[in-house]
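The values are calculated or read from the model by the stated rules, or taken from the named source; none is laboratory data. Since the structure is predicted, the reported quantities are computational estimates derived from the model, not experimental observations. Here the Cβ positions follow ideal geometry from the backbone for every residue, glycine too, while neighbour counts run over all protein chains shown. For accessibility, only protein heavy atoms count, side chains too; no ligands or nucleic acids. Shrake-Rupley method; radii C 1.70, N 1.55, O 1.52, S 1.80 Å.
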Amino acid sequence: MNKSSTVLSLALIAAAPSLIAADLTGKVTLKGTPPAAAQQPMKENMCGNPEAYVIKSRQFVVGKDSGLAGVFVYLKSGTGVDGKKFAPPAEKPLLDQIHCEYQPYTFGVLAGQGFTVKNSDPVLHNVNSTRAKKNTGKNFGMPTKGQMNDLMFPNPEFIQFRCDVHPWMLAWVGVFENSFFATTDADGNFSVKNVPAGKYQVVVYHPKTHGVNEGIVKEVTVGDAGAKESFEIEYKAP
Amino acid sequence: MATAVSTLFLVCIGGMVTSKGVGMSVPDWPNSYGYNMFLLPWDKWSQGGVFWEHSHRLKGAFVGLLTMGLAISLWFSRVPDVLRKLGLVAFFGVVLQGILGGFRVVFDKHGWGAEFGVIHAAVAQLFFSLVCVIALMTTRRWQLWGDAGSRPSKDSSLRRWAPVLTIVIFMQLIIGASMRHQHAGLAIPDFPLAYGNIWPDTSSAAVAGYNQARVSMISYNDITAGQIILQMVHRLMAYTIAALVTVCWWRTRKTHASGSPLRRFANTWLALILVQVTLGAVTIWTKKAADVATAHMAVGALSLMTGALFSVAAFRLLPVPQSPRIPSSSADVAARTA
């Protein structure tokens, strides 16, 4: 064994605990029956859709086995995140405006990571970030089909996007401090990728339920093989 | 009169902008989507929220021109100084109002949109009442009221109470504007009860539950306990104003002949307040339908304006209340005792 390979081996042994990373997976369910989705009927040829259609509110989208869609899951603190800085990736997620709806409804980015907003409709939209407290809000028009604008928020928080031209258009962007976050799929399943083994505080945040509150916080231990956790959000009828 | 009617129309369009929650649909100011405001192509503002917001801006500019014409014509007319001054106040008022509307847009991204929105709404109400007062003071009837011979010698307490009541109505309108500019929809969805109670539960758990249940197409902001209390204050003040205007109407009825100017103002005022209370209830029952909510705001403006006209008419028509005479000499006392 030469000198350089000895140094490499020692470095790998030293870094071993942080190189062991696995996925934190699980499911977020809703307990209780939420109100029926509100509906916005759309005539044919509105917003570039040749057919008449109905847009439904997406505050509560419940899938298989009461799984709740569009919920943010992220690591607040713990072994692999405390005191560490995360460089924003070059990859830019897409927030599309299509047939007068934002797609997706919820998605996350790392603080400082760019994302692209696109107008796929032949009508004017304005992209208005609301509820931003730690970042400067954005509001700009996108009059042209196919137009794309890049955005970036440097500080972690949840930001609501709306279009004031079509006030039913709504999306949520979670801006996170570290790269360990996910949103639940149609059946409430989530997967936070490549979490270093250790103990973490995991937060589950549903915009409609938690509003200005933090959300559900749970202590979770992620082992070498990862971890699986379930979270339950309760709908409390007034 | 043209300025007054145009202003009411402008206030209604502004009300629709807020009721529909589309105040930010044109994100820049003084330009509109980068265009000179007057040159924005029709296809850019013929749809959705842009139509209401841009119409409001154009109508605002039109009212600004009318007000400038009004101020200039008053300045060069043979009218009392007070009218000239009111014309100037109206002119500077409409300029201020335009700037406030712009600030409501420009500062929204810094979190000050709602605050400027409330001030913009309050100044709109004052401006509308002001141009109506000017319109009244430029009528021939106003000149006739000034004849000493036509002054009725009646109870003059209305000179005190009408302005006080008008100020209370203005405070109520500010509360209403604060509620509307939270962009949180209805803080209390039922009436006459409030979340099924006489006084609603405003604990944090209850408010969280209310917010969770508010599923709608519009992205309303979450409500807070403070907003719920604000709506309860708005309701209580509505009952109080309705009672006080009724008393004012009754007093006018007792002291003034049928067909007299103050009787007419009092009748109109009471009718407007009753319509306004009804519209307030209907606003809730229709889940804050934009047209009903705007009608509620517009009748509020008319109620304030009627109060203002009633007040200036009372000052014009009724004698100054006299203080009880204090005996100043022994001869005076002797005369009274005799």
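With respect to B:Gly87, is the statement that it is touching an Asp or Glu at 6+ places or on another chain (Cβ under 9 Å) and either farther than 30 Å from B:His296 by Cβ or within 14 Å of chain A (Cβ to nearest Cβ) (or both) true? Walk me through it before giving the result.
Details: touching an Asp or Glu at 6+ places or on another chain (Cβ under 9 Å): no; either farther than 30 Å from B:His296 by Cβ or within 14 Å of chain A (Cβ to nearest Cβ) (or both): yes.
When the stated conditions are applied, B:Gly87 does not pass them.
Is it true that some residue in region A:67-84 is assigned to a loop (DSSP other than H, G, I, E, B), more than 22 Å from A:Pro34 (Cα to Cα), β-branched (Val, Ile, Thr) and open to solvent by less than 20 Å² (accessible area, probe 1.4 Å)? Yes; the residues of region A:67-84 include at least one that is assigned to a loop (DSSP other than H, G, I, E, B), more than 22 Å from A:Pro34 (Cα to Cα), β-branched (Val, Ile, Thr) and open to solvent by less than 20 Å² (accessible area, probe 1.4 Å). Exactly one residue out of A:Asn135, A:Asn128 is polar (S, T, N, Q) and outside any loop (DSSP other than H, G, I, E, B), and it is A:Asn128. Within region B:41-63, the residues that satisfy the criterion of being under 31 Å from the mean Cα position of the chain (by Cα) and among the hydrophobic types (A, V, I, L, M, F, W, C) are B:Trp45, B:Val50, B:Phe51, B:Trp52, B:Leu58, B:Ala61, B:Phe62, B:Val63. For region B:34-64, what are the residues that are away from chain A (no Cβ under 14 Å) and out of contact with any helix residue (DSSP H, G or I) (no Cβ under 9 Å at 6 or more places or on another chain)? B:Asn36, B:Leu39 - these are the residues of region B:34-64 that are away from chain A (no Cβ under 14 Å) and out of contact with any helix residue (DSSP H, G or I) (no Cβ under 9 Å at 6 or more places or on another chain). Please go through region A:41-61 and give me each residue that is in a strand (DSSP E or B) and crowded, with 18+ Cβ neighbours inside 10 Å, ordered by number. Matches in region A:41-61: A:Met42, A:Ile55. Residues of region B:193-229 that are facing another protein chain (nearest Cβ under 9 Å), of a type outside the set (D, E, K, R), within 25 Å of A:Ile216 (Cα to Cα) and part of a loop (DSSP other than H, G, I, E, B): B:Val215, B:Ser216, B:Ser219, B:Asn221, B:Thr224. Among residues of region A:20-42 that are at the interface with another protein chain (Cβ under 8 Å from one of its Cβ atoms) and modelled with pLDDT under 90, those with a beta-carbon under 9 Å from a residue that is open to solvent by less than 40 Å² (accessible area, probe 1.4 Å) and assigned to a strand (DSSP E or B) at least six positions away or on a different chain give the pairs A:Gln39/A:Ile55; A:Gln40/A:Ile55.
Scanning region B:78-88 for any residue that is at pLDDT 90 or above and buried (at least 21 other Cβ atoms within 10 Å of the Cβ) turns up at least one such residue. A Cβ distance below 7 Å, combined with a sequence gap of six or more or placement on separate chains, defines the contacts here; from region A:162-175, residues that are facing chain B (nearest Cβ under 10 Å) reach residues that are open to solvent by 10 Å² or more (accessible area, probe 1.4 Å) and among the acidic types (Asp, Glu) in the pairs A:Met169/A:Glu101. Restricting B:Thr278, B:Thr283 to those that are polar (S, T, N, Q), more than 30 Å from B:Leu158 (Cβ to Cβ) and either assigned to a helix (DSSP H, G or I) or at pLDDT 95 or above (or both) reduces the list to B:Thr283.
In region B:96-121, how many residues are closer than 21 Å to B:Leu66 by Cβ and either in contact with a helix residue (DSSP H, G or I) (Cβ under 7 Å, 6 or more places away or on another chain) or within 13 Å of chain A (Cβ to nearest Cβ) (or both)?
Within region B:96-121, residues that are closer than 21 Å to B:Leu66 by Cβ and either in contact with a helix residue (DSSP H, G or I) (Cβ under 7 Å, 6 or more places away or on another chain) or within 13 Å of chain A (Cβ to nearest Cβ) (or both) number 7.
Looking for whichever is part of a helix (DSSP H, G or I), touching a residue at least 12 places away in the same chain (Cβ under 8 Å) and surrounded by fewer than 16 Cβ atoms within 10 Å (Cβ to Cβ) here; the options are B:Met171, B:Met237. Which one fits?
One residue alone meets the criteria, B:Met171.
A:Met152 meets the conditions (1) more than 8 Å from every other protein chain (Cβ to nearest Cβ); (2) open to solvent by 50 Å² or more (accessible area, probe 1.4 Å); (3) under 22 Å from B:His54 (Cα atoms) in every case but one. The failed one is (3). Tallying residues that are assigned to a helix (DSSP H, G or I) and either among the aromatic types (Phe, Trp, Tyr) or within 14 Å of chain A (Cβ to nearest Cβ) (or both) within region B:1-33 yields 5.
Per-residue answers, yes or no, for (1) assigned to a helix (DSSP H, G or I); (2) under 20 Å from the mean Cα position of the chain (by Cα); (3) surrounded by 18 or more Cβ atoms within 10 Å (Cβ to Cβ):
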{"position": "B:Val94", "(1), (2), (3)": "yes, yes, yes"}
{"position": "B:Arg104", "(1), (2), (3)": "yes, yes, yes"}
{"position": "B:Glu115", "(1), (2), (3)": "yes, yes, no"}
{"position": "B:Ser129", "(1), (2), (3)": "yes, yes, yes"}
{"position": "B:Phe191", "(1), (2), (3)": "no, no, no"}
